[in-house]
1. Output the residues belonging to segment 238-287 that are polar (S, T, N, Q), part of a strand (DSSP E or B) and within 28 Å of PHE364 (Cα to Cα).
2. If a residue must be acidic (Asp, Glu) and closer than 22 Å to VAL392 by Cα, how many such residues does segment 280-320 contain?
3. State the number of residues belonging to segment 313-330 that are surrounded by fewer than 19 Cβ atoms within 10 Å (Cβ to Cβ) and touching a helix residue (DSSP H, G or I) at 6+ places or on another chain (Cβ under 8 Å).
4. Please list, ordered by first then second residue, the pairs with beta carbon atoms under 6 Å, 6 or more apart or interchain, first in segment 380-408 and exposed (fewer than 13 other Cβ atoms within 10 Å of the Cβ), second of a type outside the set (S, T, N, Q).
5. Can you tell me which residue within segment 233-258, out of those that are out of contact with any Ser or Thr (no Cβ under 7 Å at 6 or more places or on another chain) and hydrophobic (A, V, I, L, M, F, W, C), is farthest from GLY477 (Cα to Cα)?
6. Which residues, taken from segment 332-390, are under 30 Å from GLN304 (Cβ atoms) and either hydrophobic (A, V, I, L, M, F, W, C) or in contact with a Cys (Cβ under 9 Å, 6 or more places away or on another chain) (or both)?
7. Would you be able to say whether some residue in segment 288-307 is closer than 26 Å to ASP416 by Cβ and either in contact with a Ser or Thr (Cβ under 7 Å, 6 or more places away or on another chain) or buried (at least 18 other Cβ atoms within 10 Å of the Cβ) (or both)?
8. Which of the residues spanning segment 402-453 are part of a loop (DSSP other than H, G, I, E, B) and among the aromatic types (Phe, Trp, Tyr)?
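The values are calculated or read from the model by the stated rules, or taken from the named source; none is laboratory data. Computed from a prediction, not measured in an experiment: that's the story for all the values here. Using ideal geometry, Cβ is built from the backbone for each residue, glycine included, and neighbour counts are taken over all protein chains shown.
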Amino acid sequence: METDYGLGFNSATDDFVSVGNGQAALRQISGLNGSWRDLNVYANADYEFRNKYFVSFNTALDGSSRFGKDASGGLALGGNTFAVLPSIAAGWLISSEPFLAGSNLFELLKLRASYGLVGNDDIGNYTSKRYYVSQNFLGFQGLVRGNVANTALKWETVRKMNLGLDASFLKERLNVSLDLFHHKTSDMITQEPLATITGFDFVLANNGEMENKGIELGINGRILNKSVKWDMGVNVSAYRNKITRIPDDRLITNYAGATILTQKGMASNLFYGYKTNGIYASDAEASASNLAVRRADGTLIALQGGDVRFVNTNNDAFIDENDMQVIGNPNPDFTGMISNMVSWKRFSMDAILTFSVGNDVYNFMRRNLESMNSFQNQSPRMINRWRVDGQVTEVPRAVIGDPAANSRFSDRWIEDGSYLRLRTLSVTYDVPLKAKALKYARVYLSGNNLFTIAKYLGYDPEFSAGESVFTQGIDTGLEPQFRTIQLGVRVGL
């Protein structure tokens, strides 16, 4: 894989658009040239006894050039370390046992259990090796160290344990599936802080652990089975995660103005900022609080009417970073899907609804439009901003530079991300045919993302600012999901 790019700035005129015509001191030339290799070997064995006892054993032997030469915990072959990832699963078809032979309750009753190891080698092609990057210095291009190599870096390992139950009732008109799972991630990739003298902020290491526990429930059944047939399915899942090991017991990251806390003993990726309790209605009320804002450089800013009333968690005389606390959790309480299929004569309808409940989201776009700390346009809500002494409002005063940091990352920008979405809806009609040349003809009308019910003030409550777990629940103004409606005909020949 090879990637190359060059950037040039401040050319003499707009007619000179090549990189070489840009100012030399600002020129950037860089790229990537590399590859990675892997080798995977799999083995599988299945056993069945009397059509009611089942055992399956699987193992994988995975090797990758991404692993460090000093990686441990695997199988060493030819100077390389291979991850050994076995798994075992067992099933018991209880409904085939003699004691349920005459039962009219169950058509199917099966108990399942599994335990296995899964590896993740998405750790970067050259993270375990020393590499260099291009850098411009006073118009001269050169190479500098790009990382601190960790030759012991290896794969992340997830130990997965699952217990499941499948059952069918009422002549298989009702089917239920229940799964309980417990996942434990070890050797999780973390950022180890480095001393400033090294010139680097961190080195990547396998020094994190996390647990995930959850439940998944699926219910599918036929509600009507006469001239009108109606099948419905409901799937609900919930999980709770907890960090059990991390360098220095906590990790603070920042993205789009948000501070994200990952701390031992707590759920991962929590929003970490300031809690608020309204707006000071007058200068006298602000003065009576006996509080001042302490900025990062140590200067103190006296509070005034129209400033945000931040919660002073440590009961000192200042509002500063020591008052930060958890203000939101992007992990939902539960998520799920509801599917419906209804048919009557030649008509049929399919509909799928999805939902998420209890997840908090950070509305970065609303923060930009309601901060009032610069000359850019703001939202109409700012008409209600605090203007005169004694005014009661939920919108703070407008001050260039925002000296009291009213727009700082706080629960003002955290919203409920729960939603119910009609993801797909399709209505189909089978046209009666007499012509033998045609097998079938169907007219259909379908739509996607037809409506969403949510309290979220942004465009769309379902989004992802990036692939990283540290961007979960952050709305940076990406293009929302669009609505589509299609009318068409399908013909079979």
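1. Across segment 238-287, the qualifying residues are ASN241, THR253, ASN254, THR259, THR262, GLN263, THR276, ASN277.
2. Number of matching residues: 3.
3. Qualifying residue count, segment 313-330: 3.
4. Final answer for the pair search is ASN384/VAL395; GLY390/ALA281; VAL392/ALA281.
5. VAL234
6. PHE364, MET365, LEU369, MET372, PHE375, MET382, ILE383, TRP386, VAL388
7. yes
8. PHE409
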